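What follows draws every value from the coordinates through simple rules; no lab data is involved. Worth saying up front: this structure is predicted, and the values here are computed from it rather than measured. Backbone-built Cβ (ideal geometry, glycine too); neighbour counts: all protein chains shown.
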Amino acid sequence: MLRKNASGETQILSSIVRGQDSLHAAYGGVVPEIAARAHAEILDLCVEEALDVAQTPLQDIDAIAVTAGPGLIGGVVSGVMCAKGLALATGKPLYGINHLAGHALTPRLTDNVPFPYLMLLVSGGHCQFLLVKGPDDFKRIGGTIDDAPGEAFDKIARLLALPQPGGPSVEQAAQRGYTKRFSLPRPLLDRTGCDMSFSGLKTAVLRARDGLVRDQGGLYPQDQADLSAGFQAAVVDVLAEKTSRAMHQYHQLSPSTATLCVAGGVAANMAIRARLETVARDNGAGFVAPPLALCTDNAAMIGFAALERMADHPPDDLTLAARPRWPLDAKSPAMLGSGKK
Ligand code: ATP
Ligand code: FE
């Protein structure tokens, strides 16, 4: 739950986050049916807890925000149904929010960054450079042509028998590793523009792992650490170089302002944050990276995106649909609030 105070600042009253990693651990990946059921089972409790922590009764809230996509559809449908039920029962306005807009607008929640700014959205399923000009105005200027870095971190963790989610465990292992032991590729650096690729890097890590001598109990900890460090260094190099190019492009599109922002789960990685800060500084730009808990998925960013939307958009109605795919720069009717704008 969020509140705007008298001076226009946004306060987070509560942001309840519940993960499901333990439910999927035995299957080596997310099982859609389990994910949908787990959402349906826990949503009421999360709503209750959010109201409790914020010490606000349901009838005192002004509006209800819900992620309407993109994502694994069972979970999104559960959320949308729950929000519709709340809207119907309370008569409060309902806002269906694009999950990626939630990530991309977070620097305004945490640091009140003015539009426009350059956003590197780097998460479990996405990696893209966006020129963010308004709450509903995103211009994509490049991104991954295959995998997202988050899914690559998760895959590498599986290859190295490290726990899920892979990002934090690979980052932790990398701290004990030697980055230069394995020679890993930096894909697409020889190509102009700011498109990226991470799938070849994943395969290179797989090959390097398969070439290692193993203990009976699995990989040696130093091998896990060195491969983690090598992989992370390659991701950092690719993101840094491509961000530098995106900044040049951004300066041409928007010469007057210069802020580089980063968001999404992978933006919680300290090595990535540190390097991007240097890139921003070298390009004469400011740098904003939200606190770690607001980089990975969270409730506050969706509430904030709704606050931004409420200023000049009508609410959605009960025909609001859950969308498995929803590109940020596509001005589809659903993105404009049930086509009412
Ligand atoms: P998307 O936002 O693209 O739909 P998502 O919502 O599943 O994907 P996020 O919560 O935004 O993903 O991010 C989760 C991803 O971030 C996971 O792949 C996870 O491994 C990665 N991640 C989290 N912490 C770190 C870290 N410290 N270093 C690298 N990656 C990280
Ligand atoms: Fe996300």
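Remind me, relative contact order of the chain in percent, using alpha carbon pairs under 8 angstrom and six or more residues apart?
Relative CO of the chain lands at 22 percent.
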- Message: Viscosity 1.002 mPa s, temperature 20 °C: what is the translational diffusion coefficient of region 175-259 from Stokes-Einstein with a Kirkwood Rh over Cα pairs, rounded to a whole number of µm²/s?
- Response: 147 µm²/s
- Item | Top of 173, 299, 25 by mean-square fluctuation, Gaussian network on the chain, Cα under 10 Å | 25
- Query: Measuring from the lowest to the highest alpha carbon on each principal axis, how far does region 1-134 reach, largest first, in angstroms?
  - Reply: 46, 39, 23
- Can you list, largest first and rounded to whole Å, the semi-axes you get for region 115-292 by taking the square root of 5 times each eigenvalue of its Cα gyration tensor? 31, 15, 14
- Item | Cross-link partners of residue 84 among aspartates and glutamates (Cα-Cα below 19 Å; sequence separation of 8 or more within a chain) | 41, 44, 48, 49, 60, 62, 316, 317
- Expressed in angstrom and rounded, the centroid-to-centroid distance over alpha carbons for region 55-126 and region 250-278 is 23 Å
- Task: Please list 5-12, 192-199 highest first by mean number of surrounding beta-carbon atoms within 10 Å per residue.
- Result: 192-199, 5-12
- Item | Under 5 Å, built H, 5+ apart or other chain: amide partners of residue 127 | 144
- Note on the structure: Quick calc of log₁₀ I(q)/I(0), region 1-60, Debye, one scatterer on every Cα, no solvent, q values 0.12, 0.13, 0.17, 0.26 1/Å, result -0.44, -0.50, -0.69, -1.03
- Item | Segments 84-90, 162-168 sorted - mean Cβ within 10 Å per residue, highest first | 162-168, 84-90
- Measure up 139/202; 4/133; 133/202; 92/133 against 31 Å on the Cα-Cα distance and list the ones that go over. 133/202
- Quick one: Cα convex hull volume of the chain, Å³ per residue? 138 Å³
- Note on the structure: In degrees, nearest 10, the alpha-carbon axis of helix 73-90 is tilted away from the dominant principal axis of the alpha carbons of the chain by 20 degrees
- Obtain the nm distance between the two label points defined at residue 9 and residue 22 by a simple spin-label model: each point lies 7 Å from its Cα along the Cα-to-C-beta direction. 3.6 nm
- Any idea what angle helix 32-54 forms with the longest principal axis of the chain, computed on alpha-carbon atoms, 0 to 90 degrees, nearest 10? 60 degrees
- Query: By average Cβ neighbour count within 10 Å, what is the ranking of 283-295, 228-240, 41-53, 110-122 from highest down?
  - Reply: 228-240, 110-122, 283-295, 41-53
